[in-house]
Amino acid sequence: MPTPLGNLRDVTLRALEVLRACDLIVAEDTRVTRRLLSAYGIAGKTLWSYREQNAAAVTPAILERAAGSSVAVVSDAGTPGISDPGRDLIRAARAAGVAVDVLPGPVAFVCAAVLSGFELEGLVFGGFVPRTAGAREAILRTALGRSAASAFYESPRRILTTLEVLQKLAPNAHLFLARELTKLHEQQILGTPENVRCALEQPVRGEIVLVIEGSALEREHLGTVDLEARVDALLEAGLSVAGVAKRLANEGAGERAEVYALAAARKRARGASER
Ligand code: SAM
């Protein structure tokens, strides 16, 4: 069953009813759940810890209790089974013939995706961004190449690296970063990887969801094609390579040195085709 992402008032009436009535609460971190229970005056409950590390060991005892009484499963925030323990317990319960039910409630990536304003048809949830450099880059490259948006969970310790990789792969990608949703220091940032990096409060703290708008690489390619066309038009109009670089950089089309290199290459190509 779901619990709030931060703001304790985001608990549903039904979730409170279940917490009050159940015989056992299985919690990812019993201290976090006790805070929620105490905020709503729910006392005298039995809590068992269920984490990735002890899941296999405690599952048989949980299923035994669930066979004869009602057991509520909660994670630290949001809905159990979404990038946190829960899924294996549901599968084990089904396999053991124990009935399972779900209560609808908050999920961090859904809230962030909705806030992004991006087209969400076909949205892909990628879980946590991988920690290792190769896997991280591969996953981000795939997300950038998708036509649909992708949402990821990310740690405050690694978000700057992830943004650097995105900047390298697709500097014009449209991103939305939601930090500390529903909490006192909530931050929402919309923009390119560079915009998001600069706007992030540092040192980076808290819980983060990163949403990448779909078709990022396609747009990057279209941007290049468009820039090439503008460079060609200005060269055709008689501007020098330096003049083209200055003009387009002033218009915000790119870094002056990069536009210069592109204009020089286009001029060479035009010269070759005219010979
Ligand atoms: N089960 C949760 C759900 O339904 O969203 C997610 C659990 S996962 C272990 C925790 C991650 O969710 C965090 O590292 C962060 O990426 C994201 N998250 C959780 N709460 C958040 C919040 N208030 N604001 C932004 N992201 C949040």
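Across the range 219-274, what fraction of all alpha-carbon pairs, as a whole percent, falls in each successive 5 Å bin from zero upward?
Percent of pairs per bin, in order: 4, 23, 33, 26, 11, 3, 0.
Just from its helices, what would the mean residue ellipticity at 222 nm be for the chain, if runs of 4 or more DSSP H residues each count -39500 (n - 2.57) and the sum is divided by every residue, rounded to the nearest 500 deg cm²/dmol?
Details: 11 runs with 132 residues, N = 275.
Computed ellipticity for the chain at 222 nm equals -15000 deg cm²/dmol.
Check V73: other-chain or 5+ apart residues with amide H under 5 Å from its amide H, H built from backbone geometry?
Amide H neighbours of V73: V26.
Going by amide H atoms built from the backbone, whose H comes under 5 Å of the H on L5, apart from near neighbours?
It is G78, by chain and number.
Counting Lys +1, Arg +1, Asp -1, Glu -1, what net charge surrounds A43 among other residues with beta carbon under 14 Å of its beta carbon?
Numbers: positive: R20, R34, R35, K45; negative: none.
So the surrounding residues net to +4.
Which residue, D84, D23, D226, has the most motion in a Gaussian network model of the chain that connects Cα atoms within less than 10 Å?
Result: D226 has the largest fluctuation of those listed.
Suppose a student asked you for the relative contact order of the chain, using Cα pairs under 8 Å spaced at least 6 residues apart; what percent would you report? Don't skip to the end; give the middle numbers.
On the way: 425 pairs, mean separation 41.2, N = 275.
Relative contact order of the chain: 15 percent.
Total Lys pairs in the chain closer than 27 Å by alpha-carbon, pairs eight or more apart in sequence or interchain only? List each step's numbers first, then the result.
Numbers: K45/K183; K168/K246; K168/K267; K246/K267.
Number of lysine pairs found: 4.
If I stretch the segment between Y40 and E218 completely, what's the gain in nm (0.36 nm per residue apart, minus their alpha carbon distance), one decimal?
Working: separation 178, 0.36 × 178 = 64.08 nm, distance 4.97 nm.
Contour length minus Cα-Cα distance gives 59.1 nm.
May I ask you to evaluate 6.51 cos²θ - 1.76 cosθ + 1.60, the Karplus curve with θ = phi - 60°, for each residue of the range 210-227 and list the ³J(HN,Hα) values in order in whole Hz, giving x for glycine and proline?
Per residue, the Karplus-derived 3J(HN,Hα) values read 10, 10, 10, 5, x, 6, 5, 5, 4, 5, 4, 5, 4, x, 5, 4, 5, 5 Hz.
Given R₀ = 51 Å, FRET efficiency for A237-A133 by Cβ-Cβ distance, to 0.05? Kindly include the intermediate steps, with their values, before the conclusion.
Details: r = 45 Å, r/R0 = 0.88.
According to the calculation, E is roughly 0.70.
Can you give the three extents of the C-alpha atoms in the range 121-232 along their principal axes, from longest to shortest, in whole Å?
50, 29, 25
Under a Cβ-only charge scheme (Lys and Arg +1, Asp and Glu -1), can you give me the dipole magnitude of the range 8-95 about the Cα centre, in debye to the nearest 20? Could you put the intermediate results ahead of the total?
Details: 12 positive and 10 negative charges, 37 e Å.
Rounded to the nearest 20 debye, it is 180 debye.
Using a simple spin-label model with points 7 Å from Cα along the Cα→Cβ vector, what separation in nm is obtained for V32 and L120?
2.2 nm
Report the Cα centroid-to-centroid distance between the range 113-175 and the range 31-86 in angstrom, as an integer.
31 Å
Quick one, what does Rg over Rh come out to for the chain if you take C-alpha atoms and the Kirkwood Rh? Spell out each step's value before the answer.
Details: Rg = 25.4 Å, Rh = 21.9 Å.
The Rg/Rh ratio comes out at 1.16.
Looking at I208, L160, G145, which one has the Cα that reaches farthest to the positive end of the dipole of the chain (charges on Cβ: Lys, Arg +1; Asp, Glu -1)?
Selected residue: L160.
Any read-out appearing in this document is the output of simple, stated calculations on the displayed coordinates, not a laboratory observation. Values in this document were obtained by computation on a predicted structure and should not be read as measured data. Because the Cβ atoms are built from the backbone with ideal geometry, glycine has one as well, and the counts that use them run over all protein chains shown.
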